[in-house]
Amino acid sequence: MAVRFRRLAAVCLAIVPLAAAAEPVRDEASGLAIDPPAGYSVEKIDGGQRYAAAFNVKKTGADEPGCRVGFQASPQNAGLTQEEINAFTAKPEWTDLIKATLALYYDVASVDPFEQAGLAGAAVIGDIKAAEGETQAPDARSYLVLLDTPKGRTTLVCVAARSDFDARRAEFEAVARAVQPPR
């Protein structure tokens, strides 16, 4: 599942782990920050060419994919206000775009509004699909949050076994609420 998660994360979040830290972390260049919930650790990771900043967040000491957070600058957002971005995320076109984009890799179960500190975005639940050439999908469900600002998009992807997902969902939401997107 961890290998499959990394491949899917490359589509949504293209990041590779580097070093560990057990305290709040901030990427000074982008402004992306996260103060992980109790019991979670955060590590700054290489975002590759696509992401200006990225973090891996997981239960301290756990051997699991956990959550990945990344920020991608969006120059096309620079001319918009946060209010204009928030208004767009309330439109059906936003939900349709999220579903269509993620449907390549997920069986999307839901796309719901997600609001945090004056930012409006989407919280998505989806089951990871089988990769091309695979006959069976991994036993994995994801919780994704997308938040846009005039600076760009912050994306969170958390993964758990389907049987554990409902029990972990509140934890994943707590991780999402610990993220401070660049403004």
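When all protein chains stay in place, what accessible area (Å², nearest 10, 1.4 Å probe) is found for Asp46?
Solvent-accessible area, nearest 10 Å²: 80 Å².
Calculate I(q)/I(0) for the chain by the Debye formula, one identical point scatterer on each C-alpha and no solvent, and give its log10 at q = 0.08, 0.10 Å⁻¹ to two decimals.
The Cα Debye sum returns log10 ratios of -0.22, -0.36.
Given a 1.4 Å probe and heavy atoms of the protein chains only, how would you sort Asp107, Asp166, Asp148, largest accessible area at the top?
Asp166, Asp107, Asp148
Give me the percent of accessible area attributable to carbon and sulfur for the stretch 71-163, probe 1.4 angstrom.
Carbon and sulfur atoms account for 53 percent of the accessible area of the stretch 71-163.
About its Cα centre, what dipole magnitude does the stretch 36-103 give when the only charges are +1 on Lys and Arg Cβ and -1 on Asp and Glu Cβ, stated in debye to the nearest 20?
140 debye
Just to confirm my numbers, what's the Cα centroid distance between the stretch 104-118 and the stretch 160-180 in Å?
Computed from Cα coordinates, the inter-centre distance equals 13 Å.
For the pair Ala29 and Glu115, how long in nm is the line joining their label points, each one 7 Å along Cα→Cβ?
According to this spin-label approximation, the distance is 3.5 nm.
Please report, in debye to the nearest 20, how large the charge dipole of the chain is about its Cα centre when each Lys and Arg carries +1 at its beta carbon and each Asp and Glu carries -1 there.
Charge dipole, the chain, about its Cα centre: 240 debye, nearest 20.
The values are calculated or read from the model by the stated rules, or taken from the named source; none is laboratory data. This is a predicted model, so every value here is computed, not measured. Heads up, the Cβs are rebuilt from the backbone with ideal geometry, glycines too, and the neighbour counts pull from every protein chain shown. When the accessible area is computed, the model is the full protein with side chains, heavy atoms only, and any ligands, DNA or RNA have been set aside. Shrake-Rupley method; radii C 1.70, N 1.55, O 1.52, S 1.80 Å.
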